[in-house]
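Student: One structure is given below, represented as structure tokens, and several questions about it will come after.
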């Protein structure tokens, strides 16, 4: 499977597949002539026709990919990390403070947090990194795993000329990655800001999560669709899909906050490379839980300043409960209270990873995606963190 994902991560993969299909069809036609078999000849021409249609779609994708690269060139540096390149955008002056390394949720490109980066780059060094396969970065080798991406991010920072220590600030799956970076490279971490980071227990012990399964399926299908020219805008027109109201609201918020940066990110990620990387990344999350190498647990970060920034409760819990436990289940069957308590407590487990953990509550009523609902709150929190961990300004340990 990893060989297939590596192959499909190239823009020319669809055209190569189409050429093979046409060649197979041609072979069938030749064989039919020798055997004087009209049914076999018909099958051969049908296979050739299919290959032709796929070749047309693949050629369209190649032309579109070239157009997007010209329209949206990489705004930062393309940094070699060992035979492939990651995109790093670093702006702003350090001003005696640690630089901030942002990591948005999912397996998304760094521009997913461009609005926060833009708000902080005028007063601190701010860095966005595209994980392999996301944003402008190359796909890199497969499989996509947390330990591998830890080392890739560190190599990208080092080879881009950025020097720690850093404040690592990550949301959701991105927070889980940055917590692993701090565990494996504590010398580079001034602090870790876990922006409602995904807790390992929520993957290891929760009921089966259809969201991850859905993301995995969409990534699997999506890499083939994009390779043959079926991009997001066309798919939405041909096969319109209605998002759940809560997800549609968040999508509108993200679009509003990111603006032109979000449009650029969507364009460059509408490719088989992005979907192949997503599929591999989500495979790690859905294989039955995170393993020892991907888990950050009690005491793993020593006395490193850790800020758990999250709402007091999951505002969108009812939507999650219906998806996880079944929309037609009764409240008793869904064990709503128990599931709510489980998700709340797994999040708070991060308070035990360091002896200097600080709990920061997001605005009441906000949900998992509060970086888009309340970006100014996140900015103010980062200013607080920088004050706390900058020696000239902080002095003592962060107050609880």
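The values are calculated or read from the model by the stated rules, or taken from the named source; none is laboratory data. Just so you know, these numbers come straight off a predicted model, no measurement behind them. Neighbour counts are summed over all protein chains in view; Cβ atoms, including those assigned to glycine, are modelled from backbone coordinates with ideal geometry.
Student: Being in a strand (DSSP E or B), out of contact with any helix residue (DSSP H, G or I) (no Cβ under 7 Å at 6 or more places or on another chain) and touching a residue at least 12 places away in the same chain (Cβ under 8 Å) narrows it down to one residue among 94, 56, 90; which is it?
Tutor: Every option except 90 fails the conditions.
Student: Can you go through 150, 167 and tell me which one is crowded, with 24+ Cβ neighbours inside 10 Å and not in a loop (DSSP other than H, G, I, E, B)?
Tutor: The conditions single out 167.
Student: Consider only pairs whose beta carbons are under 7 Å apart and that are at least six residues apart or on different chains; among these, list those whose first residue lies in segment 368-390 and is on the phi > 0 side of the Ramachandran plot and whose second residue is part of a helix (DSSP H, G or I) and surrounded by 17 or more Cβ atoms within 10 Å (Cβ to Cβ).
Tutor: Close Cβ pairs satisfying both conditions: none exist.
Student: Return the residues of segment 170-209 that are at pLDDT 90 or above, in a loop (DSSP other than H, G, I, E, B) and over 24 Å from residue 378 (Cα atoms); say none if nothing qualifies.
Tutor: Taking segment 170-209 and keeping what is at pLDDT 90 or above, we get 170-199.
Right, trim to in a loop (DSSP other than H, G, I, E, B) and you get 172, 185, 196-199.
Residue satisfying the conditions is 185 alone.
Student: (1) farther than 30 Å from residue 304 by Cα; (2) buried (at least 18 other Cβ atoms within 10 Å of the Cβ); (3) at pLDDT below 95: which one isn't true of residue 273, the others all being true?
Tutor: (3)
Student: Mind checking which residues of segment 265-313 are under 20 Å from the mean Cα position of the chain (by Cα) and part of a loop (DSSP other than H, G, I, E, B)?
Tutor: 270, 271, 287, 288, 289, 290, 291, 295, 296
Student: Out of 83, 51, 27, 108, which single residue is assigned to a loop (DSSP other than H, G, I, E, B) and free of Cβ contacts under 8 Å to residues at least 40 places away in the same chain? Spell out the reasoning first.
Tutor: On the way: 51 fails: assigned to a loop (DSSP other than H, G, I, E, B); 27 fails: assigned to a loop (DSSP other than H, G, I, E, B); 108 fails: free of Cβ contacts under 8 Å to residues at least 40 places away in the same chain.
Step by step, each of 83, 51, 27, 108 is checked, and only 83 is assigned to a loop (DSSP other than H, G, I, E, B) and free of Cβ contacts under 8 Å to residues at least 40 places away in the same chain.
Student: Since residue 360 meets every condition but one in (1) at pLDDT 90 or above; (2) assigned to a helix (DSSP H, G or I); (3) surrounded by 14 or more Cβ atoms within 10 Å (Cβ to Cβ), which condition does it not meet?
Tutor: (2)
Student: Can you work out which of the residues in segment 213-223 that are farther than 19 Å from residue 266 by Cβ and surrounded by 14 or more Cβ atoms within 10 Å (Cβ to Cβ) is modelled with the lowest pLDDT?
Tutor: Ranking the qualifying residues of segment 213-223, first place goes to 216.
Student: Please enumerate the residues belonging to segment 125-147 that are in a loop (DSSP other than H, G, I, E, B) and under 19 Å from residue 75 (Cα atoms).
Tutor: Within segment 125-147, 125, 130, 131, 132, 133, 134, 135, 136, 137, 138, 139 qualify.
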